[in-house]
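Visitor: This structure is in structure tokens; I'll ask about it shortly.
The values are calculated or read from the model by the stated rules, or taken from the named source; none is laboratory data. Note that the structure is a prediction, hence the values are computed from the model and not measured. As a convention, Cβ positions derive from the backbone with ideal geometry for all residues, glycine included, and neighbour counts pool all protein chains shown.
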């Protein structure tokens, strides 16, 4: 009986103690003590956590570096692949632009029929200004056919094999073309040079020419069709002591960047050599 | 059998010459890669097919180029002659031999081309041709000589493995 009374008393005191503590805590009277205790616990927890993370990184780091390197290699390979793809697409876009310009040119010049060709090489000798194109006699290409781009004339076919042809550019030192000025009746001879510069010769002294005049083929001589644009006059040399005027021509075509060209396939050059009188000995 | 490596090597050099080297210009000149390959081959010790390489290279170049074939053959054959004549004298300094032979061979082969074109095609101004084409071409050929010599030396060691090829 006495034991049960004592146990009830202890329980009652315990409840009162807990209730008192709760009441003090709810009343805010334990805040300083609880904050001190919780602060210590948090510091202890942080200490353990920091050490654990450090140990975990120490043991896991090599595996992470390996996986990061592998991932890095994969990403670099992906970047390389995408860069290759970008370059390929840029080249295709440039080709598409060039082809579109060539289509425009052929549409605006329907009197001729054309065969498109890619430039695949140049002459091994620096003295000659020739390019190699990837169409030949199998495609109907013949010696003497003029070759143009959307901008204008670039030359004519000099030699042909089955699947390729060699084109003599108008900048070649052996090239000589009969030309006229677009806005007048002045005619002259356009010649190339070893440096690739174009010059006009045999311009009559009395002829009126100006810088900026457009130079086109005259069609004389039968080597080229008439009215193909070549370039414009940029410099005139006129001296009273000379028989003829001379001029430099800036070509409309960038010969360093030839990629796709058109061969005019329905033009047959005329060989007028038998008609040229041979001077008597 | 390994001597047949001349065909792919020279074909590759001619294609590179036409497609790549002809775009790498200094003034109006560019390196003659095929000639440099022939010279490098002729300068290797123990090589017995230098004349064959010169003939094959000349045939390939003459087929592609508009330069008269006599000038192409003369340039390459003269280069082999110079290389073999000089190799016996300065064999201990292969790069020096490479430079000397390349210098004279490049000049002479370009002059052959100049003369052939002037006689058979259109007259070319000499001063302009020499200053803007020949000399820059020689300089670029000399620059191309170093890597080409190293590559050709490895090819020569592969073709003649039992002999000491410098």
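Visitor: When you go through (1) within 16 Å of residue A:262 (Cα to Cα); (2) in contact with a strand residue (DSSP E or B) (Cβ under 6 Å, 6 or more places away or on another chain) one by one for residue A:108, which number turns out not to apply?
Guide: (2)
Visitor: Any idea which of B:117, B:64 is in contact with a strand residue (DSSP E or B) (Cβ under 8 Å, 6 or more places away or on another chain), within 14 Å of another protein chain (Cβ to nearest Cβ), modelled with pLDDT under 95 and surrounded by 18 or more Cβ atoms within 10 Å (Cβ to Cβ)?
Guide: Matching residue, one of B:117, B:64: B:64.
Visitor: If the requirement is being farther than 30 Å from residue B:124 by Cα and assigned by TED's automatic domain parsing to the domain that holds residue A:195, which of these qualifies: A:80, A:137, A:125? Give the derivation first.
Guide: Numbers: A:80 fails: assigned by TED's automatic domain parsing to the domain that holds residue A:195; A:125 fails: farther than 30 Å from residue B:124 by Cα.
Of the residues listed, the single one that is farther than 30 Å from residue B:124 by Cα and assigned by TED's automatic domain parsing to the domain that holds residue A:195 is A:137.
Visitor: Sort out which residues of the range B:40-49 are assigned to a helix (DSSP H, G or I) and either on the phi > 0 side of the Ramachandran plot or surrounded by fewer than 22 Cβ atoms within 10 Å (Cβ to Cβ) (or both), and write them in order of number.
Guide: Residues satisfying the conditions do not exist here.
Visitor: Could you grab me the full set of residues in the range A:237-271 that are under 27 Å from the mean Cα position of the chain (by Cα) and under 30 Å from residue A:207 (Cα atoms)?
Guide: Hits for the range A:237-271 are A:250, A:251, A:252, A:253, A:254, A:255.
Visitor: Turning to a different aspect of this structure: Mind checking whether some residue in the range A:148-161 is within 13 Å of chain B (Cβ to nearest Cβ) and out of contact with any strand residue (DSSP E or B) (no Cβ under 9 Å at 6 or more places or on another chain)?
Guide: Yes, there is a match, as at least one residue in the range A:148-161 is within 13 Å of chain B (Cβ to nearest Cβ) and out of contact with any strand residue (DSSP E or B) (no Cβ under 9 Å at 6 or more places or on another chain).
Visitor: Before we move on, is residue B:37 in a loop (DSSP other than H, G, I, E, B) and touching a helix residue (DSSP H, G or I) at 6+ places or on another chain (Cβ under 8 Å)?
Guide: Spelling it out, it is not the case that residue B:37 is in a loop (DSSP other than H, G, I, E, B) and touching a helix residue (DSSP H, G or I) at 6+ places or on another chain (Cβ under 8 Å).
Visitor: Residues in the range A:193-200: is at least one in contact with a helix residue (DSSP H, G or I) (Cβ under 6 Å, 6 or more places away or on another chain), free of Cβ contacts under 8 Å to residues at least 60 places away in the same chain and closer than 29 Å to residue A:101 by Cα?
Guide: yes
Visitor: If you go through the range A:91-98 one residue at a time, do you hit one that is surrounded by 10 or more Cβ atoms within 10 Å (Cβ to Cβ), in contact with a strand residue (DSSP E or B) (Cβ under 7 Å, 6 or more places away or on another chain) and within 30 Å of residue A:118 (Cβ to Cβ)?
Guide: At the first step, the residues of the range A:91-98 found to be surrounded by 10 or more Cβ atoms within 10 Å (Cβ to Cβ) are A:91-98.
From the residues that got through so far, the ones that are in contact with a strand residue (DSSP E or B) (Cβ under 7 Å, 6 or more places away or on another chain) too are A:95, A:98.
With within 30 Å of residue A:118 (Cβ to Cβ) added as a condition, the list becomes A:95, A:98.
Checked against the condition, which is being surrounded by 10 or more Cβ atoms within 10 Å (Cβ to Cβ), in contact with a strand residue (DSSP E or B) (Cβ under 7 Å, 6 or more places away or on another chain) and within 30 Å of residue A:118 (Cβ to Cβ), the range A:91-98 yields at least one hit.
Visitor: While we're on this one: Could you list, in sequence order, the residues of the range B:131-142 that are more than 14 Å from residue B:103 (Cα to Cα) and either more than 20 Å from the chain's Cα centre (by Cα) or more than 8 Å from chain A (Cβ to nearest Cβ) (or both)?
Guide: The answer is B:131, and nothing else.
Visitor: Just name the residue that is farthest from residue B:85 (Cα to Cα) out of those in the range B:120-137 that are in contact (Cβ under 8 Å) with a residue 40 or more places away in the chain and touching a strand residue (DSSP E or B) at 6+ places or on another chain (Cβ under 9 Å).
Guide: The qualifying residue farthest from residue B:85 (Cα to Cα) is B:132.
Visitor: Further question: Looking at the structure I just gave you, is residue A:186 closer than 18 Å to residue A:122 by Cβ and surrounded by fewer than 23 Cβ atoms within 10 Å (Cβ to Cβ)?
Guide: Considered against the rule, which asks whether it is closer than 18 Å to residue A:122 by Cβ and surrounded by fewer than 23 Cβ atoms within 10 Å (Cβ to Cβ), residue A:186 comes out as no.
Visitor: Would you mind telling me which numbered condition in (1) within 25 Å of residue A:200 (Cβ to Cβ); (2) free of Cβ contacts under 8 Å to residues at least 12 places away in the same chain residue A:153 fails?
Guide: (2)
Visitor: Sticking with this one: Please go through the range B:60-84 and give me each residue that is more than 16 Å from residue B:108 (Cα to Cα), free of Cβ contacts under 8 Å to residues at least 12 places away in the same chain and in a helix (DSSP H, G or I), ordered by number.
Guide: Hits for the range B:60-84 are B:62, B:63.
Matching residues to (1) within 14 Å of chain B (Cβ to nearest Cβ); (2) modelled with pLDDT under 90:
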{"site": "A:104", "(1), (2)": "no, yes"}
{"site": "A:110", "(1), (2)": "no, yes"}
{"site": "A:113", "(1), (2)": "no, yes"}
{"site": "A:120", "(1), (2)": "yes, no"}
{"site": "A:130", "(1), (2)": "yes, no"}
{"site": "A:136", "(1), (2)": "yes, no"}
{"site": "A:142", "(1), (2)": "no, no"}
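Visitor: Ok, one more. Which is touching a helix residue (DSSP H, G or I) at 6+ places or on another chain (Cβ under 8 Å), away from chain A (no Cβ under 11 Å), without any contact (Cβ under 8 Å) to a residue 40 or more places away in the chain and farther than 19 Å from residue B:35 by Cα, of B:90, B:107?
Guide: So the residue among B:90, B:107 that is touching a helix residue (DSSP H, G or I) at 6+ places or on another chain (Cβ under 8 Å), away from chain A (no Cβ under 11 Å), without any contact (Cβ under 8 Å) to a residue 40 or more places away in the chain and farther than 19 Å from residue B:35 by Cα is B:90.
Visitor: Could I ask something else about it? If you go through the range B:6-24 one residue at a time, do you hit one that is over 14 Å from the mean Cα position of the chain (by Cα) and away from every other protein chain (no Cβ under 14 Å)?
Guide: yes
Visitor: Oh, and also: Report, by residue number, each residue of the range A:216-232 that is crowded, with 17+ Cβ neighbours inside 10 Å and not in a strand (DSSP E or B).
Guide: Answer for the range A:216-232, where residues must be crowded, with 17+ Cβ neighbours inside 10 Å and not in a strand (DSSP E or B): A:218, A:223, A:224, A:225, A:228.
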